[in-house]
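Engineer: The structure is given below, and queries will be raised subsequently.
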Amino acid sequence: MTAVEMDNVRDGERLVPWVERQDASLIYIGRIHTPWTDLSDCPRQGRLDGPLCRIEVFEPWTLALSGITVGQQAEVLYWLHLSRRDLVQQCPRNDGNARGTFSIRSPIRPNPIGTTVVKVESIEGNVLTVRGMDCLDGTPLIDLKPDLAQFVPLAKEKPGDRQVG
């Protein structure tokens, strides 16, 4: 992303002054490798029939991959490290109709956490080959989880548990 893109605010958009403070910390557990090196080429949403991408998991987190299987769908959470963080209203279609940041799926967020569902195509050591990514090459990995739509809890159901399906 260029400096011009970082400073670009569309008509109707509103930003707030950015306050540098840390309330929590994240550990990057890996790195995502995709074909996209330029934001203008990156898809807006991942597709399960999209190109092959690799999710590299760093030590000491590789043992956490046990139980993931080929063909499984997984939710990937990642840090959109190049996203601006100060817009509270955005015009995603550049149409002048501002929408609150929390009502859209824009990567521009106070905490730019991206999420997508992928299909695991292969597993080799600490690398998952997947389809469905929608981020730039080199994006930091935050977490991997089973796809909620396919997840079956191991513990006995308790009153108030959300029922899927």
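Engineer: For the chain, what is the charge dipole size about the Cα centre, in debye to the nearest 20, if Lys and Arg each add +1 at the Cβ and Asp and Glu each add -1 at the Cβ? Walk me through the numbers on the way to the answer.
Structural biologist: Values: 19 positive and 22 negative charges, 102 e Å.
That gives a dipole near 500 debye.
Engineer: Where does each of PHE58, PHE102 land when they are ranked from fewest to most other beta-carbon atoms within 10 angstrom?
Structural biologist: On the way: PHE58 13, PHE102 9.
Sorted ascending by nearby Cβ count, the order is PHE102, PHE58.
Engineer: Report the relative contact order of region 1-100, percent, no decimals, based on alpha-carbon pairs under 8 angstrom and at least 6 residues apart. Each step should come with its number before you reach the end.
Structural biologist: On the way: 76 pairs, mean separation 46.8, N = 100.
Relative contact order here is 47 percent.
Engineer: Moving to a separate point now. Under the 0.36 nm per residue contour assumption, what length would be gained going from the current alpha-carbon distance of ASP23 and LYS156 to full extension?
Structural biologist: Numbers: separation 133, 0.36 × 133 = 47.88 nm, distance 3.42 nm.
Taking ASP23 through LYS156 to full extension adds about 44.5 nm, to one decimal.
Engineer: Loop sites only, by DSSP: take the GluC sites (Glu not before Pro) in the chain that have at most 12 other C-beta atoms within 10 Å and name the longest stretch containing none of them.
Structural biologist: On the way: sites that count: GLU20, GLU157.
Here the longest run is 21-156.
Engineer: Sticking with this one: Most exposed first by the Cβ proxy, i.e. fewest other Cβ within 10 Å, how do LYS119, LYS158 rank? Please list the in-between numbers first.
Structural biologist: On the way: LYS119 19, LYS158 7.
Ordered by Cβ neighbours within 10 Å, fewest first: LYS158, LYS119.
Engineer: Take the alpha-carbon positions of region 13-150, form their convex hull, and give its projected area averaged over all directions (one quarter of the hull surface) in nm². Could you put the intermediate results ahead of the total?
Structural biologist: Details: hull surface 37.3 nm².
One quarter of the hull surface, i.e. the mean projection, equals 9.3 nm².
Engineer: A follow-up question, please. Counting only helical runs of four or more DSSP H residues, what would the 222 nm mean residue ellipticity of the chain come to if each run contributes -39,500 (n - 2.57) and the total is spread over all its residues?
Structural biologist: Working: 1 runs with 5 residues, N = 165.
Helix contribution divided over all residues of the chain: -500 deg cm²/dmol.
Engineer: Figure the gain on full extension for VAL127 and ILE113 (residue separation times 0.36 nm, minus the Cα-Cα span) and round it to one decimal in nm. Don't skip to the end; give the middle numbers.
Structural biologist: Values: separation 14, 0.36 × 14 = 5.04 nm, distance 2.12 nm.
The span from VAL127 to ILE113 would gain 2.9 nm if fully extended.
Engineer: Turning to a different aspect of this structure: To the nearest 0.05, how large is the calculated FRET efficiency for PHE102 and ARG10 if R₀ is 25 Å and r is the Cβ-Cβ distance? Mind showing how you got there, number by number?
Structural biologist: Working: r = 18 Å, r/R0 = 0.71.
It comes to 0.90.
Engineer: Please sort 103-110, 26-33 by packing, taking for each peptide the average over its residues of neighbouring beta carbons within 10 angstrom, highest first. Before the final figure, lay out the partial values.
Structural biologist: Working: 103-110: 14.9, 26-33: 17.4.
Going by the mean number of other Cβ atoms within 10 Å, highest first, we get 26-33, 103-110.
Engineer: Something else now. Can you quote the Å³ per residue value for the convex hull of the Cα atoms in region 83-148, rounded to an integer? Let's see the in-between values first.
Structural biologist: Values: hull volume 7.9 nm³, N = 66.
That works out to 119 Å³ per residue.
Engineer: Using the 10 angstrom Cβ neighbour count as an exposure proxy, how do ARG14, ARG131 rank, fewest first? Write down the numbers at each step before the final one.
Structural biologist: Details: ARG14 13, ARG131 17.
By the 10 Å Cβ count, ascending: ARG14, ARG131.
Every number here is computed from the coordinates shown, using simple stated rules; none is lab data. Given the structure is predicted, the values throughout are model-derived calculations rather than measurements. Methodologically, a virtual Cβ is constructed for each residue, glycine included, from the backbone with ideal geometry; neighbour enumeration extends over all protein chains shown.
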